[in-house]
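Heads up: the structure comes next, in structure tokens.
The values are calculated or read from the model by the stated rules, or taken from the named source; none is laboratory data. Quantities reported herein were computed from a predicted structural model and do not represent experimental measurements. Quick reminder, even Gly has a Cβ in these numbers, built from the backbone with ideal geometry, and neighbours come from all protein chains shown. Heads up: the accessible areas ignore ligands, DNA and RNA and are worked out on the full protein's heavy atoms, side chains in. Shrake-Rupley method; radii C 1.70, N 1.55, O 1.52, S 1.80 Å.
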Amino acid sequence: MSVKVKPDICTGCESCVSVCPFGAIEMKDGKAFITDACTLCGACVEACEFKAIEKDIEDAGPAKDLSAYKGVWVFAEQHKGEIASVSLELLGEGRKLADKRGSKLSAVFIGSGIKDKAKDLIAYGADTVYVADDPVLKDFNDDSYAAVLTMLATQHKPEIILAGATAIGRSFFPKVASTLYAGLTADCTVLDIDSATGNLHQTRPAFGGNIMATIVTPNHRPQMATVRHKVMKPALRNVARKGEIIDVKFTQAGAVRTKVLKTVDELTETVNICEADIIVAGGRGLGSQKNFLLLEELAKVLGGAVAATRGAVDEGWIPYSHQVGQTGKTVCPKLYIAAGISGAIQHVAGMQSSETIIAINKDPDAPIFNVATYGIVGDVTEVLTAMIKKFREIRG
């Protein structure tokens, strides 16, 4: 799509110049000229009383036959042979989508020594599980994982493929989408089927979380999306379910550009923030890395996990794996304690679904109080110290 000026009709009245909010229209030789700054907003089209400016919709060519694409697929992520909880959430959502489309739900399971776990994916809703079990696939690798999923998608032509918006999903899924020439929507929070067209509606936060954008890819298949962790309910386990497990022979197509030399697990006394019922999070308002020790102490007393804002991670006070927000993880604990966090929309987007939010900030006008269940105005270190002492007394 583009915006074009009809020179033979343009009178040079300059009314379009004044209405363009992006300063994308200039006058050349007495005629309006659209520059590269144009965002296709259409304000100039409506303002031109002489109809000298129009939106030109490019011909997309003949409609493609998409009837061969059927079924909903889920990439079932695993860690050391254990199915990731985000995969169970995807199976729950995938089951709903497949039922609306009247199609099967399949899972793609990639790794080494994982075949025995495939039956669990059927119990959680999959009708078919494609298992690529090979020692070469023991460690995650973009090229290898993408080769498996691309090969299967090319052979079986699924209509929809979903993956978790995790470090793994975000890493290799775009490669698959590019190879398949498919649309990919990242970090979705809502998925649905358009009853009229059968297209997948993929909704995600946009413009810093200020609006929710619903994206459709009507002309290409498969429709691909990554989904944020903890925004959808996991599937319920039913051991009575029956399904088909299909072994996939792995053949690497093309060169593997990287090799995993060593995997180092992060050592921590607290639990994974995505699975935690209680989270104690800190921001730049804590002032220093030393004060993060208070968060760790409180989390230990409560049996919870430590999280942080992007600002605290950027300061180097805590590793990225603890980051909550649009560029981090989405969490949904029973209790979220936000200490020294101002409440930027990017952070709030990752924790606002928490059941109870307690905010601690010295600024009474901090935006975090707008989403908090309870607010404490005061020095964050003094409040944390008092909370640690009181909870220790309560818990013996």
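Scanning segment 122-129 for residues that are under 23 Å from S353 (Cβ atoms) and touching a Lys or Arg at 6+ places or on another chain (Cβ under 7 Å) turns up at least one hit.
Of the residues making up segment 242-278, just one is modelled with pLDDT of 90 or more, open to solvent by 90 Å² or more (accessible area, probe 1.4 Å) and in a loop (DSSP other than H, G, I, E, B), namely K242. The residues on offer are V239, V148, V227, V176, and the sole one that is surrounded by 19 or more Cβ atoms within 10 Å (Cβ to Cβ), more than 21 Å from the chain's Cα centre (by Cα) and either among the β-branched types (V, I, T) or more than 30 Å from V348 (Cβ to Cβ) (or both) is V148. Identify the residue in segment 182-194 that is in contact (Cβ under 8 Å) with a residue 24 or more places away in the chain and in a loop (DSSP other than H, G, I, E, B) and, among all such residues, is farthest from V216 (Cα to Cα). Looking at the filtered set, the residue picked out is T189. Of the helices (runs of 4 or more DSSP H) lying entirely inside segment 7-118, those containing at least 1 residues that are among the hydroxyl-bearing types (S, T, Y) and under 17 Å from I161 (Cβ atoms) are 85-101. State yes or no: is A84 modelled with pLDDT of 90 or more and of a type outside the set (F, W, Y)? When the stated conditions are applied, A84 passes them. Based on this model, can you work out whether S106 counts as in contact with an Asp or Glu (Cβ under 8 Å, 6 or more places away or on another chain) and surrounded by 19 or more Cβ atoms within 10 Å (Cβ to Cβ)? Criteria met by S106.
Within segment 55-76, the set of residues being farther than 28 Å from R170 by Cβ and either among the β-branched types (V, I, T) or modelled with pLDDT of 85 or more (or both) comprises I57, S67, A68. Scoring E89 on the criteria (1) under 30 Å from F172 (Cβ atoms); (2) charged (D, E, K, R); (3) in contact with a helix residue (DSSP H, G or I) (Cβ under 7 Å, 6 or more places away or on another chain) leaves a single failure, condition (3).
Of the strands (runs of 3 or more DSSP E) contained entirely in segment 289-396, those carrying at least 2 residues that are open to solvent by 40 Å² or more (accessible area, probe 1.4 Å) and touching a residue at least 12 places away in the same chain (Cβ under 8 Å) fall at 374-377. Just wondering, is there one or more residues in segment 146-156 that are closer than 30 Å to V324 by Cβ and out of contact with any helix residue (DSSP H, G or I) (no Cβ under 8 Å at 6 or more places or on another chain)? No; the residues of segment 146-156 include none that is closer than 30 Å to V324 by Cβ and out of contact with any helix residue (DSSP H, G or I) (no Cβ under 8 Å at 6 or more places or on another chain). Can you find a residue that is without any contact (Cβ under 8 Å) to a residue 40 or more places away in the chain and either of a type in the set (F, W, Y) or touching a Lys or Arg at 6+ places or on another chain (Cβ under 8 Å) (or both) anywhere in segment 45-68? No, there is no match, as no residue in segment 45-68 is without any contact (Cβ under 8 Å) to a residue 40 or more places away in the chain and either of a type in the set (F, W, Y) or touching a Lys or Arg at 6+ places or on another chain (Cβ under 8 Å) (or both). Note on segment 5-21: residues that are surrounded by 13 or more Cβ atoms within 10 Å (Cβ to Cβ) and within 40 Å of the chain's Cα centre (by Cα) amount to 5. For segment 151-163, the set of residues classified as open to solvent by 10 Å² or more (accessible area, probe 1.4 Å) and within 25 Å of K96 (Cβ to Cβ) consists of H156, K157, E159, listed by residue number. Exactly one residue out of D99, D116, D65 is acidic (D, E), within 25 Å of T189 (Cβ to Cβ) and open to solvent by 10 Å² or more (accessible area, probe 1.4 Å): that is D99.
Can D142 be described as modelled with pLDDT of 90 or more, open to solvent by 10 Å² or more (accessible area, probe 1.4 Å) and on the phi < 0 side of the Ramachandran plot? Against the criterion (modelled with pLDDT of 90 or more, open to solvent by 10 Å² or more (accessible area, probe 1.4 Å) and on the phi < 0 side of the Ramachandran plot), D142 does not qualify.
Tell me which residues, restricted to segment 359-396, are within 25 Å of the chain's Cα centre (by Cα) and of a type outside the set (G, A, S). Scanning segment 359-396 gives P367, I368, N370, V371.
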